[in-house]
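> Encoded as structure tokens, here's the structure I'll be asking about.
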Amino acid sequence: MKGPLAKTVILLVGMYVFLKFILPLFTAPLPASLIFLYLALTLASAMIFYTMSGGSLDEFMGPIGRFLTGTGQTGIAGTARILVFVLFPLLVGWQTYTRLAPSDMPPAENRTIHPAPPGEFVGLANPYERTQDNIMMGKGLYAAFCSPCHGANFDGKGPAAVGFNPPPANFGDPGTIAQLQESYLFWRIKKGGVGLPVEAMPWKSAMPRWEVELPDEWIWKIIMGEYDGAGQSPRTWEEEE
Amino acid sequence: MGYKKNCYVALGLILVVTGVGASCVFASDPPPEGGAESVAVRLHLTDDAISADDPNAPVWDTIQPAEFKLAPQVHWPDRIQEVTVKSVKVRGMHNGRDMAILLEYADPTEDAADAAAIEFMVGDKMAHFAHGQEMLQVEGGAVNIWYWKKEHGKATDMSAKGFKTIRAQENQNVSATGAWQAGTWRVVFSRPLQTGDEHDVQITPGEWRNLAFAFWDGEIVDGAVREQGSQKAVSSWWYVRAEPPPDNSMYGYVVLGIALAAGFEFFLLRRIRRGNES
């Protein structure tokens, strides 16, 4: 097991075990397509490495050639060879079938969660001072108008949230309001789901267009209450520079 | 050496194809969170007449339902925060000409004002699920709504494109029948797949369409109907597709794929053997 082919196989198996089982212990699991991409890159790298000289190319491919031609094979190796010759066409047939078979899954949707806001909403500052009174008023308004969907705990799990797709945002998640500026929230609350651009699929959003019901002052104070209640801070211009 | 190189390139090709195949077969992604919930209604293809009038016809129990959760309507004012109907089971069938969709949902009381509706996007323009509400950056389309109310005893075929624009259509082509038993409503809607009316959703087997649901609990509480108008249980947009007739041509391509792969193996083996001999 010292030949280049054996080393490559061991490398590939090791990579697969690492990507599939060890890496998820520290971070989110990788999608199968990404694992395959990494394995393909590993294989390609190994092949390029062993193609650098004719001698090692022979060492790399030689065992495969001998296996396929059946040179000097007995017992299990002979059976494995026949199995490979039978399985390869069947695998091609299976791939053809899965590509052509009608799917019961609807078309995939690539929805942009935080699309670019319209120009007039970029860089607006909250005109109200961050006082306890204003924050408390914002939290009260949040409880009345926002919490049925976004939840009393700002976690997107309000009593009305369960049926909606996409689900209401969880403000405690570091990927939502912590990444956004106050002006962005002002746009999203004021114009609601129907204010979203096409890439965000506005036809699916249940978020009301709150400018119809709430004055701007209330919206700015709700934003203050949301950040305070969720324990997050708005993204600021300074951080972007 | 050139001969050998050709063989090695072919061998490499085999490795890659087998790798791709194996990774697709064995390394499929886990379903997304909450993957047990449905995203689409399948209208099963049948050779028989469609069960359009009887929500309790035995054929319905042979079809696996899709299930969708429901939420209170919150998009525009006059909203409520609690609704009676929490989820709906949906079954569908078609025979290439007519279609039927059965809605099954829990509602503890049978009331004259109980009602159910199915909403569809019409044509190719995306429409907001709240009655085709106007969108600010996207030119939206209209929706077609099939509405059934217990006291009417029939369906109304409606159209809407925005807040307070809902109206009954001139051409009524939808039928509906409801049956309540032991706290469960079963309501069956039926219609031809194609109507030729531009205000209607047109269902073509094999094509995906968007649909959504709405329900009203008509129970009288303190002299008033519990849920009416925009106070209702709603779903988001989901998908519906009429099952297309079976297409056997794909099996021909599968056989062709197998034959080509076997031919490739034969060719490769001959090349390697000749290379070794030389």
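The values are calculated or read from the model by the stated rules, or taken from the named source; none is laboratory data. Note that this is a predicted model, so its numbers are computed, not measured. Note: ideal-geometry Cβ built from the backbone for every residue, glycine included; neighbour counts use all protein chains shown. Ligands, DNA and RNA are excluded from the accessible area calculation, which covers all protein heavy atoms including side chains. Shrake-Rupley method; radii C 1.70, N 1.55, O 1.52, S 1.80 Å.
> Quick check: at a probe of 1.4 Å, how many percent of the accessible area of the stretch B:118-271 sits on carbon and sulfur atoms?
54 percent
> Could you state the number of Å between the C-alpha centres of the stretch B:113-192 and the stretch A:203-222?
Cα centroid of the stretch A:203-222 versus Cα centroid of the stretch B:113-192: 27 Å apart.
> Measure off 7 Å from each Cα along the Cα-to-Cβ vector at A:THR71 and A:PHE18, then give the distance between these two points in nanometres to one decimal.
About 3.3 nm separates the two model spin labels.
> While we're here: If you add up the charges near B:TRP146, with Lys and Arg at +1 and Asp and Glu at -1, over every other residue whose beta carbon is less than 10 angstrom from its beta carbon, what do you get?
-2
> Can you list the residues in the stretch B:129-162 whose accessible area drops by at least 30 Å² when all protein chains are present, compared with the chain alone? Use a 1.4 Å probe, heavy atoms only.
When all protein chains are present, B:PHE129, B:MET135, B:LEU136, B:GLN137, B:VAL138 each give up 30 Å² or more of accessible surface.
> Among all the aspartates and glutamates, which ones have a C-alpha under 12 Å from B:LYS164's C-alpha, if same-chain residues fewer than 8 places away are not counted?
Those aspartates and glutamates meeting the cut-off are B:GLU134.
> Okay, next question. Output the DSSP H helices from chain A with an along-axis C-alpha extent of no less than 30 Å and a mean Kyte-Doolittle hydropathy no less than 0.5.
On the way: long enough: A:76-100 (35 Å, 1.22).
The answer, listed by residue number, is A:76-100.
> While we're looking at this one, here's another question. Using alpha carbons only, how many degrees (0 to 90, rounded to 10) separate the axis of helix B:2-26 from the longest principal axis of chain B?
20 degrees
> Semi-axes of the equivalent ellipsoid for chain B, please: Cα gyration tensor eigenvalues, times 5, square-rooted, ordered largest first, whole Å.
Equivalent ellipsoid semi-axes, largest first: 52, 21, 19 Å.
> Compute the distance in nm between two label points, each set 7 Å from the Cα along the Cα-to-Cβ direction, one at B:GLN172 and one at B:LYS86.
3.6 nm
> Here's a follow-up. Quick one: buried accessible area between A and B, total over both chains, 1.4 angstrom probe, nearest 100 Å²?
Approximately 5400 Å², summed over both chains.
> While we're here: So how much accessible area does A:ARG130 have, in Å² to the nearest 10, using a 1.4 Å probe?
Answer for A:ARG130: close to 130 Å² accessible.
> For chain B, modelled as a Gaussian network with Cα springs under 10 Å, which listed residue fluctuates most, B:HIS152, B:HIS199, B:HIS131?
So, out of B:HIS152, B:HIS199, B:HIS131, the one fluctuating most is B:HIS152.
> Also, I was wondering about something else. Averaging sequence separations of C-alpha pairs under 8 Å and six or more residues apart, then dividing by the length of chain B, give the relative contact order as a whole percent.
21 percent
> Another one. In the Gaussian network model of chain B, springs joining C-alpha atoms below 10 Å, which of B:ASN248, B:ASN144, B:ASN95 carries the largest mean-square fluctuation?
Checking each option, the largest mean-square fluctuation is seen for B:ASN248.
> For Cα pairs less than 8 Å apart in space and 6+ apart in sequence, what is the mean separation divided by the residue count of the stretch A:119-240, i.e. the relative contact order in percent?
34 percent
> Then there's this: Name the GluC sites (Glu not before Pro) in the stretch B:189-278 that are in a loop by DSSP and that have at most 13 other C-beta atoms within 10 Å, would you? Spell out each step's value before the answer.
Numbers: sites: B:GLU198, B:GLU207, B:GLU219, B:GLU227, B:GLU265, B:GLU277; in loops: B:GLU198, B:GLU207, B:GLU219, B:GLU227.
The qualifying sites are B:GLU198, B:GLU207.
> So, for the stretch B:40-242, what is the accessible surface per residue at a probe of 1.4 Å, expressed in square angstrom?
Per residue, the stretch B:40-242 has an accessible area of 42 Å².
> Also: Which of the aspartates and glutamates could be linked to A:LYS7 by a straight reach, that is with a Cα gap under 19 Å, when you skip same-chain ones fewer than 8 residues away?
Hits, sequence-local ones excluded: A:ASP58, A:GLU59.
> Let me see the pair-distance distribution of the stretch A:119-240: every alpha carbon pair, 5 Å bin width, integer percents in order.
2, 11, 21, 27, 23, 11, 4, 1
> Roughly how many Å² is the accessible area per residue of chain A, as a whole number, for a 1.4 Å probe? Before the final figure, lay out each step's value.
On the way: 13110 Å² over 241 residues.
So chain A comes to 54 Å² accessible per residue, rounded to a whole number.
> Considering chain A as a Gaussian network with a 10 Å cut-off on Cα pairs, which listed residue, A:GLY225, A:GLY138, A:GLY62, attains the greatest mean-square fluctuation?
Looking only at A:GLY225, A:GLY138, A:GLY62, the largest GNM fluctuation is found for A:GLY62.
> Taking loop as defined by DSSP and a crowding limit of 16 other beta carbons within 10 Å, which GluC sites (Glu not before Pro) in the stretch A:55-143 fit? Present the calculation step by step, with values, prior to reporting the outcome.
Details: sites: A:GLU59, A:GLU109, A:GLU120, A:GLU129; in loops: A:GLU109, A:GLU129.
Counting only loop positions with at most 16 other Cβ atoms within 10 Å, the GluC sites (Glu not before Pro) in the stretch A:55-143 are A:GLU109, A:GLU129.
> Report, ordered by chain and residue number, the lysines lying within cross-link reach of A:LYS157, taken as a straight Cα distance under 21 Å and ignoring same-chain residues fewer than 8 apart.
Within the straight-line limit of under 21 Å, A:LYS157 reaches these lysines: A:LYS139, A:LYS204, B:LYS69, B:LYS86, B:LYS232.
> From the protein chains alone at 1.4 Å, what is the descending order of accessible area for B:LYS161, A:LYS204, largest first?
Result of the area sort, largest leading: B:LYS161, A:LYS204.
> Report the label-to-label distance for B:ASN276 and B:THR204 in nanometres (one decimal), using points 7 Å from each Cα along the Cα→Cβ vector.
5.6 nm
> I've got another one for you. So, counting K/R as plus one and D/E as minus one, what does the shell of residues with Cβ under 15 Å around A:GLY140 add up to?
-2
> Quote the FRET efficiency, to the nearest 0.05, computed for A:LEU90 versus A:GLU129 with a Förster distance R0 of 51 Å and r equal to the Cβ-Cβ distance.
Computed FRET efficiency for A:LEU90 and A:GLU129 comes out at 0.10.
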